[in-house]
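Trainee: Below: one structure in structure tokens.
The values are calculated or read from the model by the stated rules, or taken from the named source; none is laboratory data. The structure presented is a predicted model; accordingly, all values stated were derived computationally and were not measured. Backbone-built Cβ (ideal geometry, glycine too); neighbour counts: all protein chains shown. For the accessible areas, the whole protein counts, side chains as well, though only heavy atoms, and no ligand, DNA or RNA atoms are used. Shrake-Rupley method; radii C 1.70, N 1.55, O 1.52, S 1.80 Å.
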Amino acid sequence: MVNRLVAAPERARREAELHDMITVQAPVDQVYDAEKIGIGAYSPLEGFHGSADLEAILTRNRLVNDLPWTLPILLAPAEGEMSVPVGSVKVGDEVAMLDMAARPFAILRVEEKYRYDRKRVARSVYATEDLSHPNVSDVLAAGETAFAGRIDLLRRLELPTRELELAPQDTREEFSRRGWTNVAAYQTRNVPHTAHEYLQRCTLEREEIDGLFVHPVVGRLKRGDYRPEVIMATYQALLRHYYPASRVVLAALSITMRYGGPKAALFLAIVRKNYGCRSYIVGRDQAGVGKYYDPFACQTIFDEFPIDVVPIKFAETYFCRRCGWMATGRTCNHPPEDRMDTSQTRIRAALARGEALPSELIRPEVAEILSRGDVLLE
Ligand SMILES: [Zn+2]
């Protein structure tokens, strides 16, 4: 397990060197990535990807060492984001990375500097160059020169969800303390509604599963998404009022959500493996957006690229009025007209109109938090 967090005596020495260094104020996505590399969430990465790994990812969905890996993790500052012109930075230089408040939090030793094709990255990872895709515009707005090299992490980021931002080392210790060997991870970027709860409960019913790790992505989100603190507060309410404390662990994961369909699903599962999970819940259209990806490709990719994590696959889940229950096509024979729309779109629209949310869709304790207002990012 990678851990690049610099310990106390060494940290003081490194911090003393900071004032002579080139600085980079990278976009928030790359700030989150640098921290996650440093704490081992992206193991085996010890730094941003170099050109050989990038080529292997784009052509084979693997790293040079043959491990499956689907999303390039690049530091590619645009001109103006560094304290010197991008072209003047040399191999061997040290670059201090600044956080959102412009304070240094990590140091990159440049081991490689290379040009790459941004459009090719967009096409390969997101299957489109369409700027209306939520990640593609970022890929195309990045610089054309990438820097690779190992990272020394000086400290964790100061975030609103900081106390819930566990490191892989923390969760592994917690799972081990609880005597869990097979932990199932649950990926989300939303507040819990009953369809999510259904997948979590079905997973907890499985004999081979010792515990559930609920790990919402709360990094950079889109306008109209729930605030990170709201996502965490609603999950805390669900845990407090409904789930057995002995079977569920909750933590926050500050990374930018990549809506890359199957490739993003596999990446998100690799991250959870690093946090100590051996199973991974994957529903329909995980990490999808629009109509770019086959909604079940996020499940079949696990057959193509074994990563030592068992996918727990679910069909589309809905509330059936005739059954009076959560169901899928595997457990209910009623037509689509009997299904309640459990989509986030429906829930957000109801919230925006100030309507009460039905308990078939959302727990009252969760609805109460959402009814307080100021829950969506503007
Ligand atoms: Zn039914």
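Trainee: Given a 1.4 angstrom probe, I'd like the percentage of the accessible area of the chain that is carbon and sulfur, rounded to a whole number.
Mentor: The C+S portion of the solvent-accessible surface of the chain is 49 percent.
Trainee: Something else now. Two decimals is fine: what's Rg over Rh for segment 221-378, C-alpha atoms, Kirkwood radius as Rh? Mind dumping the intermediate values first?
Mentor: Details: Rg = 16.9 Å, Rh = 17.6 Å.
Across segment 221-378, the Cα-based Rg/Rh ratio is 0.96.
Trainee: So how far apart, in nm, are the two label points at residue 338 and residue 321 if each is 7 Å from Cα heading toward Cβ?
Mentor: The answer from the label model is 1.2 nm.
Trainee: Can I ask one more? Could you check the spin-label model distance between residue 17 and residue 117? Points 7 Å from the Cα along Cα→Cβ, value in nm.
Mentor: 3.7
Trainee: Ranking request for peptides 105-114, 13-22: highest mean number of other beta-carbon atoms within 10 Å first, then the rest in descending order. Could the numbers behind the result be given before it?
Mentor: On the way: 105-114: 19.2, 13-22: 12.5.
Per-residue mean Cβ counts within 10 Å order the peptides as 105-114, 13-22.
Trainee: Shifting gears a bit: Testing the spin-label approximation: label points 7 Å from Cα along Cα→Cβ at residue 60 and residue 353. State their distance in nm.
Mentor: 5.4
Trainee: Still on this model: Which cross-chain or sequence-distant (5 or more) residues have an amide H under 5 Å from the amide H of residue 106, H modelled 1.01 Å from N in plane?
Mentor: When sequence neighbours closer than 5 places are left aside, the close amide H contacts are 97, 154.
Trainee: Restricting to Cα pairs below 8 Å that are 6+ residues apart, what does the relative contact order work out to for segment 220-352? Please round to a whole percent. Each step should come with its number before you reach the end.
Mentor: Working: 138 pairs, mean separation 22.9, N = 133.
In percent, rounded to a whole number, it is 17.
Trainee: Out of residues 5 or more away from residue 48 or on other chains, whose amide H comes under 5 Å of its own, with H placed 1.01 Å from N in the peptide plane?
Mentor: The answer is 149.
Trainee: Could I ask something else about it? Only helical DSSP H runs with n ≥ 4 go in: add -39500 (n - 2.57) per run for the chain, normalise by residue count and round the 222 nm mean residue ellipticity to 500 deg cm²/dmol. Spell out each step's value before the answer.
Mentor: Numbers: 12 runs with 119 residues, N = 378.
-9000 deg cm²/dmol, from helical runs alone.
Trainee: Relative to the first principal axis of the alpha-carbon coordinates of the chain, what is the inclination of helix 262-274, with its axis defined by its Cα atoms, in degrees from 0 to 90 and to the nearest 10?
Mentor: Tilt of helix 262-274: around 80 degrees.
Trainee: In addition: For the chain, what is the accessible area per residue in Å² when the probe is 1.4 Å?
Mentor: On the way: 16360 Å² over 378 residues.
Using a 1.4 Å probe on heavy atoms only, each residue of the chain averages 43 Å².
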